[in-house]
1. For the chain, find the longest principal axis of its Cα atoms and tell me its angle to the long axis of helix 57-66, 0 to 90°, nearest 10.
2. Once Lys and Arg get +1 and Asp and Glu get -1 on their Cβ, which of 394, 443, 426 lies farthest toward the positive end of the dipole of the range 317-451?
3. As a test of the formula, what do you get for the chain when each DSSP H run with n ≥ 4 contributes -39,500 (n - 2.57) and the sum is divided by the residue count, at 222 nm and rounded to the nearest 500 deg cm²/dmol?
4. Put +1 on the Cβ of every Lys and Arg and -1 on every Asp and Glu Cβ in the range 124-235; which of 159, 231, 147 then has its Cα farthest towards the positive end of the dipole?
5. Quick one: order 277, 211 from most to least accessible surface, probe 1.4 Å.
6. Could you tell me what percent of the accessible area of the chain is made up of carbon and sulfur, with a 1.4 Å probe and every protein chain present?
7. Expressed in nm to one decimal, what extension gain is obtained for the pair residue 279 and residue 29 from 0.36 nm per residue of sequence separation less their Cα-Cα distance?
8. Charges only on Cβ, +1 for Lys and Arg, -1 for Asp and Glu: so what's the dipole of the chain about the Cα centre, in debye to the nearest 20?
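The values are calculated or read from the model by the stated rules, or taken from the named source; none is laboratory data. These numbers were taken from a predicted model, which means no experiment stands behind them. For neighbour counting, all protein chains shown are included, and Cβ atoms are generated from backbone atoms with ideal geometry for every residue, glycine included. Just the protein is used for accessible areas: all its heavy atoms, side chains included, with ligands, DNA and RNA removed. Shrake-Rupley method; radii C 1.70, N 1.55, O 1.52, S 1.80 Å.
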Amino acid sequence: MGKAIMVQGCTSSAGKSYLTAALCRALANEGLRVAPFKAQNMSNNAGVTPDGLEMGRAQLVQARAARVTPDVRMNPVLLKPEADTRSQVVLLGQVSREITELPWRERKAHLWPHVQVALHSLLDGFDVVVIEGAGSPAEVNLRGSDIVNMRVALEAQAGVLLAADIDRGGAFAHLLGTWHCLTPEERGLLRGFILNRFRGDARLLSPAPEWLQEQTGVPTVGVIPMLDVTLPEEDGVWLDSRAAATPDADAGFVAIARLPRVSNLDEFAPLGPLARWVSRPDELAGARAVIIPGSKSTAADLNWLRQTGLAAGITRLAGAGVPVLGVCGGLQMLGQSIRDPHGIEGRVPGADVPGLGLLDLHTEFMPDKTTMQTTFTDPETGFALTGYEIHHGQTRAGGGVQILAPGLLWRQGNVRGTYLHGLLENPAYLERFLGWAGLPLPPGLDSLDARLDAIAAQVRAGLDWSVIEGML
(Lines give C-alpha, C1' and ligand atoms only; values in the text may rest on other atoms or scores of the structure.)
Protein backbone atom coordinates (compact mmCIF):
# COMPACT_ATOMS: atom_id res chain seq x y z
CA MET A 1 0.00 0.00 0.00
CA GLY A 2 1.33 3.43 -0.94
CA LYS A 3 2.02 6.31 1.40
CA ALA A 4 0.04 9.53 1.51
CA ILE A 5 1.20 13.13 1.88
CA MET A 6 -1.47 15.81 2.21
CA VAL A 7 -1.27 19.57 1.59
CA GLN A 8 -3.87 21.59 3.45
CA GLY A 9 -4.22 25.36 3.75
CA CYS A 10 -5.32 27.87 6.33
CA THR A 11 -7.46 29.58 3.69
CA SER A 12 -8.59 29.25 0.12
CA SER A 13 -5.89 30.33 -2.34
CA ALA A 14 -3.08 29.51 0.08
CA GLY A 15 -1.24 27.75 -2.75
CA LYS A 16 -2.36 24.17 -2.11
CA SER A 17 -2.76 23.25 -5.79
CA TYR A 18 0.63 24.76 -6.61
CA LEU A 19 2.42 22.95 -3.77
CA THR A 20 0.69 19.66 -4.60
CA ALA A 21 1.79 19.90 -8.23
CA ALA A 22 5.35 20.69 -7.15
CA LEU A 23 5.46 17.69 -4.80
CA CYS A 24 4.03 15.42 -7.51
CA ARG A 25 6.79 16.42 -9.93
CA ALA A 26 9.59 16.34 -7.32
CA LEU A 27 8.62 12.85 -6.14
CA ALA A 28 8.14 11.60 -9.71
CA ASN A 29 11.64 12.89 -10.48
CA GLU A 30 12.91 10.46 -7.81
CA GLY A 31 11.44 7.53 -9.70
CA LEU A 32 8.38 7.05 -7.51
CA ARG A 33 4.98 6.19 -8.94
CA VAL A 34 2.91 9.21 -7.86
CA ALA A 35 -0.78 10.05 -8.11
CA PRO A 36 -2.52 13.29 -7.11
CA PHE A 37 -5.84 13.24 -5.28
CA LYS A 38 -8.46 15.77 -4.28
CA ALA A 39 -11.64 14.24 -2.95
CA GLN A 40 -13.90 17.17 -3.74
CA ASN A 41 -13.13 20.14 -5.91
CA MET A 42 -15.38 23.20 -6.26
CA SER A 43 -14.52 24.85 -9.55
CA ASN A 44 -15.85 25.65 -12.98
CA ASN A 45 -12.33 25.26 -14.33
CA ALA A 46 -12.58 21.67 -15.49
CA GLY A 47 -11.11 19.49 -18.19
CA VAL A 48 -11.58 16.10 -19.78
CA THR A 49 -9.63 12.87 -19.33
CA PRO A 50 -8.57 10.74 -22.32
CA ASP A 51 -11.59 8.50 -21.72
CA GLY A 52 -14.00 11.44 -21.97
CA LEU A 53 -14.73 12.03 -18.28
CA GLU A 54 -14.73 15.37 -16.47
CA MET A 55 -12.44 16.37 -13.62
CA GLY A 56 -10.93 19.48 -12.05
CA ARG A 57 -8.28 21.29 -14.06
CA ALA A 58 -5.92 21.41 -11.09
CA GLN A 59 -5.85 17.61 -10.84
CA LEU A 60 -5.27 17.30 -14.59
CA VAL A 61 -2.20 19.52 -14.16
CA GLN A 62 -1.08 17.54 -11.10
CA ALA A 63 -1.37 14.30 -13.07
CA ARG A 64 0.84 15.89 -15.71
CA ALA A 65 3.27 16.82 -12.92
CA ALA A 66 3.28 13.21 -11.73
CA ARG A 67 3.75 12.00 -15.32
CA VAL A 68 0.68 9.76 -15.16
CA THR A 69 -2.50 9.55 -17.21
CA PRO A 70 -5.35 11.63 -15.70
CA ASP A 71 -7.96 9.47 -14.03
CA VAL A 72 -11.23 10.63 -12.43
CA ARG A 73 -10.31 8.70 -9.28
CA MET A 74 -7.89 11.58 -8.69
CA ASN A 75 -10.88 13.94 -8.33
CA PRO A 76 -13.94 11.78 -7.66
CA VAL A 77 -16.24 14.70 -6.76
CA LEU A 78 -16.35 17.95 -8.74
CA LEU A 79 -18.81 20.68 -7.76
CA LYS A 80 -19.50 23.21 -10.50
CA PRO A 81 -21.17 26.36 -9.09
CA GLU A 82 -24.20 27.50 -11.08
CA ALA A 83 -25.36 30.14 -8.58
CA ASP A 84 -24.45 31.29 -5.06
CA THR A 85 -26.49 28.46 -3.51
CA ARG A 86 -26.47 25.80 -6.23
CA SER A 87 -23.77 23.57 -7.70
CA GLN A 88 -23.85 20.76 -10.23
CA VAL A 89 -22.33 17.55 -8.84
CA VAL A 90 -20.00 15.62 -11.14
CA LEU A 91 -19.33 12.18 -9.63
CA LEU A 92 -16.48 10.13 -11.08
CA GLY A 93 -16.52 12.22 -14.21
CA GLN A 94 -20.26 12.27 -14.91
CA VAL A 95 -23.09 14.53 -13.80
CA SER A 96 -25.19 13.08 -10.97
CA ARG A 97 -28.60 14.73 -11.18
CA GLU A 98 -29.83 12.87 -8.09
CA ILE A 99 -27.04 14.10 -5.81
CA THR A 100 -27.17 17.58 -7.35
CA GLU A 101 -30.74 17.89 -6.08
CA LEU A 102 -29.83 16.92 -2.50
CA PRO A 103 -29.25 19.52 0.25
CA TRP A 104 -25.54 20.09 0.95
CA ARG A 105 -25.36 18.27 4.29
CA GLU A 106 -27.18 15.21 2.93
CA ARG A 107 -24.65 14.63 0.17
CA LYS A 108 -21.89 13.21 2.37
CA ALA A 109 -23.57 9.83 2.87
CA HIS A 110 -23.79 9.40 -0.90
CA LEU A 111 -20.36 10.79 -1.81
CA TRP A 112 -18.05 9.52 0.92
CA PRO A 113 -18.15 5.83 -0.13
CA HIS A 114 -17.00 6.83 -3.64
CA VAL A 115 -14.21 8.96 -2.16
CA GLN A 116 -13.04 6.05 -0.02
CA VAL A 117 -12.96 3.61 -2.94
CA ALA A 118 -11.11 6.06 -5.19
CA LEU A 119 -8.57 6.94 -2.50
CA HIS A 120 -7.76 3.36 -1.55
CA SER A 121 -7.52 2.24 -5.16
CA LEU A 122 -4.88 4.91 -5.77
CA LEU A 123 -3.05 3.99 -2.57
CA ASP A 124 -3.02 0.37 -3.75
CA GLY A 125 -1.73 1.28 -7.20
CA PHE A 126 0.91 3.94 -6.52
CA ASP A 127 3.94 4.42 -4.28
CA VAL A 128 2.79 7.86 -3.12
CA VAL A 129 -0.52 9.71 -3.27
CA VAL A 130 -0.18 13.48 -2.86
CA ILE A 131 -3.50 14.74 -1.55
CA GLU A 132 -4.81 18.29 -1.77
CA GLY A 133 -7.29 19.67 0.73
CA ALA A 134 -9.92 22.31 0.04
CA GLY A 135 -10.42 25.69 1.67
CA SER A 136 -9.47 25.21 5.30
CA PRO A 137 -9.79 22.31 7.77
CA ALA A 138 -10.72 24.89 10.44
CA GLU A 139 -14.29 25.29 9.16
CA VAL A 140 -15.80 23.67 12.23
CA ASN A 141 -19.34 24.25 10.96
CA LEU A 142 -18.53 21.89 8.05
CA ARG A 143 -16.75 19.17 10.03
CA GLY A 144 -19.82 16.96 10.08
CA SER A 145 -20.03 16.99 6.27
CA ASP A 146 -16.28 16.97 5.56
CA ILE A 147 -15.17 14.63 2.79
CA VAL A 148 -12.09 16.51 1.61
CA ASN A 149 -9.87 17.69 4.48
CA MET A 150 -9.11 15.92 7.77
CA ARG A 151 -11.56 13.09 7.13
CA VAL A 152 -9.48 12.17 4.08
CA ALA A 153 -6.22 12.62 6.00
CA LEU A 154 -7.44 10.25 8.70
CA GLU A 155 -8.71 7.73 6.14
CA ALA A 156 -5.32 7.69 4.39
CA GLN A 157 -3.28 8.19 7.58
CA ALA A 158 -1.52 10.94 5.65
CA GLY A 159 1.18 13.18 6.98
CA VAL A 160 -0.24 16.70 6.68
CA LEU A 161 1.59 19.88 5.68
CA LEU A 162 -0.39 23.02 6.55
CA ALA A 163 0.31 26.06 4.36
CA ALA A 164 -0.33 29.75 4.96
CA ASP A 165 -0.03 32.56 2.42
CA ILE A 166 2.42 34.82 4.23
CA ASP A 167 2.14 37.48 1.51
CA ARG A 168 -1.34 38.32 2.80
CA GLY A 169 -0.14 38.85 6.36
CA GLY A 170 -1.26 37.16 9.56
CA ALA A 171 0.31 33.83 8.62
CA PHE A 172 1.35 32.81 12.13
CA ALA A 173 -2.11 33.65 13.50
CA HIS A 174 -3.68 31.63 10.68
CA LEU A 175 -1.50 28.63 11.44
CA LEU A 176 -2.01 28.79 15.20
CA GLY A 177 -5.76 29.37 14.86
CA THR A 178 -6.15 26.46 12.46
CA TRP A 179 -4.19 24.19 14.81
CA HIS A 180 -6.52 25.18 17.67
CA CYS A 181 -9.58 24.25 15.60
CA LEU A 182 -8.36 20.68 15.00
CA THR A 183 -9.12 17.71 17.23
CA PRO A 184 -6.23 15.97 19.04
CA GLU A 185 -6.40 13.09 16.55
CA GLU A 186 -6.19 15.52 13.62
CA ARG A 187 -3.31 17.45 15.18
CA GLY A 188 -1.43 14.18 15.44
CA LEU A 189 -1.21 14.03 11.63
CA LEU A 190 0.46 17.44 11.25
CA ARG A 191 4.08 17.09 10.20
CA GLY A 192 4.88 20.72 9.52
CA PHE A 193 3.85 24.24 8.68
CA ILE A 194 4.70 25.92 5.36
CA LEU A 195 5.03 29.68 4.88
CA ASN A 196 4.10 30.12 1.23
CA ARG A 197 4.67 33.08 -1.14
CA PHE A 198 7.36 34.70 1.00
CA ARG A 199 9.14 37.85 -0.14
CA GLY A 200 12.28 39.08 1.57
CA ASP A 201 14.96 37.80 3.92
CA ALA A 202 13.88 34.56 5.65
CA ARG A 203 16.26 35.32 8.54
CA LEU A 204 13.87 38.06 9.65
CA LEU A 205 11.14 35.51 10.39
CA SER A 206 12.77 34.50 13.66
CA PRO A 207 11.64 34.13 16.41
CA ALA A 208 8.11 33.58 15.07
CA PRO A 209 8.62 29.98 13.79
CA GLU A 210 10.21 29.00 17.10
CA TRP A 211 7.36 30.64 19.03
CA LEU A 212 4.80 28.80 16.88
CA GLN A 213 6.50 25.47 17.54
CA GLU A 214 6.46 26.16 21.29
CA GLN A 215 2.71 26.77 21.06
CA THR A 216 1.85 23.75 18.91
CA GLY A 217 4.75 21.31 18.90
CA VAL A 218 4.72 21.53 15.08
CA PRO A 219 7.83 22.80 13.26
CA THR A 220 7.86 25.19 10.32
CA VAL A 221 9.36 22.96 7.64
CA GLY A 222 9.25 25.21 4.60
CA VAL A 223 9.56 28.81 3.48
CA ILE A 224 8.56 28.95 -0.18
CA PRO A 225 9.34 32.15 -2.09
CA MET A 226 6.87 34.04 -4.23
CA LEU A 227 7.39 32.27 -7.56
CA ASP A 228 6.85 33.98 -10.88
CA VAL A 229 5.80 30.76 -12.59
CA THR A 230 2.18 30.44 -13.69
CA LEU A 231 0.14 27.25 -13.71
CA PRO A 232 -3.46 26.70 -14.81
CA GLU A 233 -5.54 27.86 -11.86
CA GLU A 234 -8.42 26.17 -10.11
CA ASP A 235 -10.70 29.18 -9.83
CA GLY A 236 -11.22 32.84 -10.53
CA VAL A 237 -8.62 34.08 -8.04
CA TRP A 238 -6.31 34.17 -11.07
CA LEU A 239 -8.41 37.01 -12.49
CA ASP A 240 -7.55 39.24 -9.54
CA SER A 241 -3.85 38.51 -9.94
CA ARG A 242 -4.05 39.74 -13.54
CA ALA A 243 -4.93 43.29 -12.48
CA ALA A 244 -1.29 44.28 -12.09
CA ALA A 245 -0.60 43.12 -15.65
CA THR A 246 -3.38 45.14 -17.30
CA PRO A 247 -2.11 46.21 -20.73
CA ASP A 248 -1.93 49.77 -22.02
CA ALA A 249 -5.06 50.48 -24.06
CA ASP A 250 -3.01 52.55 -26.51
CA ALA A 251 -0.94 49.48 -27.35
CA GLY A 252 -4.02 47.34 -28.05
CA PHE A 253 -5.30 44.34 -26.16
CA VAL A 254 -7.75 41.44 -26.18
CA ALA A 255 -10.81 42.14 -24.03
CA ILE A 256 -12.23 39.09 -22.23
CA ALA A 257 -15.65 39.42 -20.59
CA ARG A 258 -15.34 38.73 -16.88
CA LEU A 259 -18.54 36.73 -16.55
CA PRO A 260 -19.85 36.07 -13.02
CA ARG A 261 -19.86 32.30 -13.67
CA VAL A 262 -16.87 32.14 -16.00
CA SER A 263 -15.50 28.66 -16.64
CA ASN A 264 -12.26 27.25 -18.04
CA LEU A 265 -10.62 30.65 -17.73
CA ASP A 266 -7.03 29.39 -17.76
CA GLU A 267 -7.25 28.56 -21.48
CA PHE A 268 -6.58 32.24 -22.19
CA ALA A 269 -3.24 32.28 -20.37
CA PRO A 270 -1.33 32.11 -23.71
CA LEU A 271 -2.51 35.68 -24.38
CA GLY A 272 -0.22 36.76 -21.55
CA PRO A 273 -0.12 40.55 -21.04
CA LEU A 274 -2.38 41.12 -24.07
CA ALA A 275 -5.40 39.93 -22.06
CA ARG A 276 -7.65 42.37 -20.22
CA TRP A 277 -10.64 41.06 -18.27
CA VAL A 278 -13.46 43.58 -18.58
CA SER A 279 -16.63 44.21 -16.59
CA ARG A 280 -17.80 47.57 -18.00
CA PRO A 281 -18.29 48.89 -21.54
CA ASP A 282 -15.79 51.74 -21.07
CA GLU A 283 -13.10 49.10 -20.52
CA LEU A 284 -13.55 48.00 -24.15
CA ALA A 285 -11.96 51.21 -25.43
CA GLY A 286 -8.90 50.28 -27.45
CA ALA A 287 -9.72 46.57 -27.69
CA ARG A 288 -8.40 44.94 -30.85
CA ALA A 289 -10.34 41.70 -30.25
CA VAL A 290 -13.04 40.48 -27.87
CA ILE A 291 -13.55 37.06 -26.28
CA ILE A 292 -16.68 35.85 -24.51
CA PRO A 293 -15.49 32.84 -22.49
CA GLY A 294 -17.32 29.78 -21.24
CA SER A 295 -19.95 30.00 -18.53
CA LYS A 296 -21.64 27.61 -16.12
CA SER A 297 -24.82 29.73 -16.30
CA THR A 298 -25.10 30.88 -19.88
CA ALA A 299 -28.49 32.61 -19.74
CA ALA A 300 -27.71 34.36 -16.45
CA ASP A 301 -24.33 35.57 -17.69
CA LEU A 302 -25.90 36.71 -20.97
CA ASN A 303 -28.31 38.78 -18.90
CA TRP A 304 -25.31 40.20 -17.00
CA LEU A 305 -23.69 41.20 -20.29
CA ARG A 306 -26.83 43.16 -21.15
CA GLN A 307 -27.20 44.74 -17.71
CA THR A 308 -23.61 45.96 -17.64
CA GLY A 309 -23.75 47.36 -21.16
CA LEU A 310 -21.02 45.00 -22.36
CA ALA A 311 -23.43 43.31 -24.77
CA ALA A 312 -24.08 46.58 -26.60
CA GLY A 313 -20.37 47.44 -26.53
CA ILE A 314 -19.34 44.07 -27.98
CA THR A 315 -22.02 44.36 -30.67
CA ARG A 316 -20.70 47.79 -31.66
CA LEU A 317 -17.13 46.49 -31.91
CA ALA A 318 -18.26 43.51 -33.97
CA GLY A 319 -20.04 45.90 -36.32
CA ALA A 320 -16.81 47.88 -36.65
CA GLY A 321 -14.92 44.78 -37.79
CA VAL A 322 -13.19 43.90 -34.51
CA PRO A 323 -12.66 40.11 -34.24
CA VAL A 324 -15.01 38.51 -31.72
CA LEU A 325 -14.60 34.95 -30.42
CA GLY A 326 -17.10 33.05 -28.28
CA VAL A 327 -16.02 29.85 -26.54
CA CYS A 328 -18.62 27.31 -25.41
CA GLY A 329 -21.10 29.38 -23.35
CA GLY A 330 -19.75 32.46 -25.12
CA LEU A 331 -20.51 30.82 -28.46
CA GLN A 332 -24.08 30.19 -27.30
CA MET A 333 -24.48 33.83 -26.23
CA LEU A 334 -23.38 35.03 -29.68
CA GLY A 335 -26.20 33.07 -31.34
CA GLN A 336 -29.80 33.92 -32.08
CA SER A 337 -31.47 31.94 -29.29
CA ILE A 338 -30.94 29.65 -26.31
CA ARG A 339 -33.50 27.08 -25.18
CA ASP A 340 -33.42 25.14 -21.92
CA PRO A 341 -36.52 22.92 -22.04
CA HIS A 342 -35.17 20.52 -19.39
CA GLY A 343 -34.12 23.16 -16.86
CA ILE A 344 -30.45 22.15 -17.10
CA GLU A 345 -29.23 25.52 -15.81
CA GLY A 346 -31.70 25.52 -12.93
CA ARG A 347 -34.19 27.85 -14.57
CA VAL A 348 -37.86 27.01 -14.92
CA PRO A 349 -38.23 25.59 -18.45
CA GLY A 350 -39.78 28.23 -20.65
CA ALA A 351 -39.41 30.44 -23.67
CA ASP A 352 -36.30 30.99 -25.72
CA VAL A 353 -33.70 33.44 -24.43
CA PRO A 354 -32.56 35.74 -27.24
CA GLY A 355 -28.82 35.79 -27.89
CA LEU A 356 -26.70 38.66 -29.17
CA GLY A 357 -27.52 37.71 -32.75
CA LEU A 358 -23.96 37.96 -34.04
CA LEU A 359 -23.98 34.33 -35.23
CA ASP A 360 -26.91 32.65 -36.96
CA LEU A 361 -26.99 29.79 -34.46
CA HIS A 362 -29.64 28.27 -32.20
CA THR A 363 -28.74 26.32 -29.04
CA GLU A 364 -30.79 23.89 -26.98
CA PHE A 365 -29.60 22.45 -23.67
CA MET A 366 -29.88 18.67 -23.46
CA PRO A 367 -29.80 16.41 -20.37
CA ASP A 368 -26.67 14.56 -21.50
CA LYS A 369 -23.39 16.46 -21.32
CA THR A 370 -20.79 16.20 -24.08
CA THR A 371 -17.32 15.61 -22.62
CA MET A 372 -14.48 14.58 -24.90
CA GLN A 373 -11.01 15.40 -26.10
CA THR A 374 -11.20 16.58 -29.70
CA THR A 375 -8.89 17.00 -32.69
CA PHE A 376 -9.92 18.37 -36.08
CA THR A 377 -8.56 20.39 -39.00
CA ASP A 378 -9.84 23.94 -39.36
CA PRO A 379 -10.54 24.53 -43.07
CA GLU A 380 -10.20 28.29 -42.67
CA THR A 381 -6.57 28.11 -41.54
CA GLY A 382 -5.59 24.56 -42.43
CA PHE A 383 -4.40 24.03 -38.86
CA ALA A 384 -4.87 20.79 -36.93
CA LEU A 385 -6.50 21.89 -33.67
CA THR A 386 -6.71 20.00 -30.38
CA GLY A 387 -8.69 20.72 -27.23
CA TYR A 388 -11.65 19.42 -25.29
CA GLU A 389 -15.42 19.83 -25.10
CA ILE A 390 -17.64 20.21 -22.03
CA HIS A 391 -21.17 21.36 -22.81
CA HIS A 392 -24.85 20.54 -22.43
CA GLY A 393 -25.83 22.71 -25.36
CA GLN A 394 -26.39 21.33 -28.85
CA THR A 395 -26.14 24.03 -31.52
CA ARG A 396 -27.61 24.10 -35.02
CA ALA A 397 -26.72 26.58 -37.73
CA GLY A 398 -28.97 28.80 -39.78
CA GLY A 399 -28.25 29.89 -43.33
CA GLY A 400 -26.25 32.98 -42.46
CA VAL A 401 -23.28 31.34 -40.81
CA GLN A 402 -20.32 29.43 -42.23
CA ILE A 403 -19.78 25.99 -40.70
CA LEU A 404 -16.02 25.52 -40.37
CA ALA A 405 -16.31 22.26 -38.42
CA PRO A 406 -19.72 20.66 -37.81
CA GLY A 407 -20.74 21.06 -34.19
CA LEU A 408 -17.43 22.70 -33.30
CA LEU A 409 -16.54 25.91 -35.12
CA TRP A 410 -18.58 28.57 -36.93
CA ARG A 411 -17.84 31.94 -38.55
CA GLN A 412 -19.94 34.88 -39.65
CA GLY A 413 -17.70 37.65 -40.95
CA ASN A 414 -15.34 38.69 -38.17
CA VAL A 415 -17.30 36.78 -35.48
CA ARG A 416 -16.36 33.20 -34.64
CA GLY A 417 -17.72 30.72 -32.13
CA THR A 418 -16.41 27.36 -30.97
CA TYR A 419 -17.11 24.53 -28.55
CA LEU A 420 -13.39 23.71 -28.46
CA HIS A 421 -11.84 24.69 -25.13
CA GLY A 422 -8.13 25.27 -25.54
CA LEU A 423 -8.41 26.74 -29.05
CA LEU A 424 -5.87 29.49 -28.27
CA GLU A 425 -3.53 26.96 -26.67
CA ASN A 426 -2.78 25.85 -30.23
CA PRO A 427 0.21 28.15 -31.00
CA ALA A 428 -0.45 28.45 -34.74
CA TYR A 429 -4.09 29.39 -34.21
CA LEU A 430 -3.16 31.87 -31.46
CA GLU A 431 -0.79 33.61 -33.88
CA ARG A 432 -3.48 33.73 -36.58
CA PHE A 433 -6.12 35.06 -34.14
CA LEU A 434 -3.80 37.83 -32.98
CA GLY A 435 -2.95 38.56 -36.61
CA TRP A 436 -6.64 39.17 -37.32
CA ALA A 437 -6.55 41.64 -34.41
CA GLY A 438 -3.36 43.32 -35.61
CA LEU A 439 -1.52 42.28 -32.45
CA PRO A 440 1.89 40.64 -32.07
CA LEU A 441 2.47 37.35 -30.30
CA PRO A 442 3.11 37.91 -26.57
CA PRO A 443 6.33 36.71 -24.98
CA GLY A 444 6.06 32.92 -25.00
CA LEU A 445 5.27 30.94 -21.90
CA ASP A 446 7.59 28.07 -21.16
CA SER A 447 6.03 24.69 -21.76
CA LEU A 448 3.88 23.33 -18.94
CA ASP A 449 6.47 20.64 -18.21
CA ALA A 450 9.23 23.24 -17.96
CA ARG A 451 7.14 25.27 -15.53
CA LEU A 452 6.38 22.18 -13.43
CA ASP A 453 10.08 21.36 -13.28
CA ALA A 454 10.84 24.93 -12.20
CA ILE A 455 8.35 25.01 -9.35
CA ALA A 456 9.33 21.51 -8.22
CA ALA A 457 12.96 22.58 -7.93
CA GLN A 458 12.14 25.77 -6.03
CA VAL A 459 9.60 24.18 -3.69
CA ARG A 460 11.97 21.33 -2.92
CA ALA A 461 14.74 23.83 -2.16
CA GLY A 462 12.43 25.70 0.22
CA LEU A 463 11.33 22.59 2.14
CA ASP A 464 13.14 20.53 4.72
CA TRP A 465 13.11 17.50 2.40
CA SER A 466 13.97 15.13 5.22
CA VAL A 467 10.43 15.71 6.54
CA ILE A 468 9.01 14.57 3.20
CA GLU A 469 11.30 11.53 3.20
CA GLY A 470 10.11 10.73 6.71
CA MET A 471 6.52 10.47 5.44
CA LEU A 472 7.41 7.93 2.73
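1. So the helix axis and the longest Cα principal axis differ by about 60 degrees.
2. Result: 394.
3. Taking each H run of at least 4 residues, the total per residue is -8500 deg cm²/dmol.
4. Selected residue: 159.
5. Of 277, 211, the descending order of accessible area is 211, 277.
6. The C+S portion of the solvent-accessible surface of the chain is 52 percent.
7. Fully extending the segment from residue 279 to residue 29 adds 85.7 nm.
8. Here the chain has a charge dipole of around 400 debye.
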